[in-house]
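Accompanying notes for the structure given below.
Values quoted throughout were computed directly from the atomic coordinates according to the rules given, and no laboratory measurement underlies them. None of these values were measured; they are calculated from a predicted model.
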Amino acid sequence: MRITPDTVAYVARLSRLELTETERERFGEQLNAILAHFAALDRLSTEGVEATSHAVRVTNVFRDDRVDPSLPMDEVIAMAPQSREGFVVVPRVIEPDE
C-alpha cells in the first residue's frame, strides 16, 4: 500500500487540517517511510518469540483507588478566572456546526 498525496489530503480533511500541497507530499513521503519500516518488521521471523504486551516486565503500578474529600465549591469558584451562577466559565472548545 502506498500513501498518495490524495490519501493525505483525505485524512487531513477528516481531521479538519489544512495542508499545503508541499505538506501533503512531505507527509505522504514520511508515512510511506513508516510503512516501509513496518514492512521490514513484518519480514522478521518471530517464530519462538513469546508474545508480550510490553517491552519490559511491568507490574501493577496503579495506586489504590480511594475517595478523598473534594475542595469546597466556594473555594473552587473563588480560584476560577471567571464564574457565573456557581459554575466555572471556560472558553468554548467545540464550535457549533456550520
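Amide H to amide H, with H built 1.01 Å from N, Ser83 comes under 5 Å of Val89, counting only residues 5 or more places away or on other chains.
Highest GNM mean-square fluctuation, the chain, Cα pairs closer than 10 Å: which of Phe38, Phe87, Phe62? Result for the chain, Cα springs under 10 Å: Phe87 fluctuates most. Axis angle, to the nearest 10 degrees, between helix 5-14 and the longest C-alpha principal axis of the chain: 20 degrees.
Relative to the dominant Cα principal axis of the chain, helix 21-42 is inclined by about 70°. Which one, (1) -0.55, -0.85, -1.15; (2) -0.68, -0.97, -1.15; (3) -0.89, -0.97, -1.13, gives log10 I(q)/I(0) by the Debye sum over Cα atoms at q = 0.15, 0.19, 0.22 Å⁻¹ as derived from the coordinates shown? Identified label for the calculated read-out: (3). Its DSSP H runs of at least 4 residues, each contributing -39,500 (n - 2.57), put the calculated 222 nm mean residue ellipticity of the chain at -12500 deg cm²/dmol, to the nearest 500.
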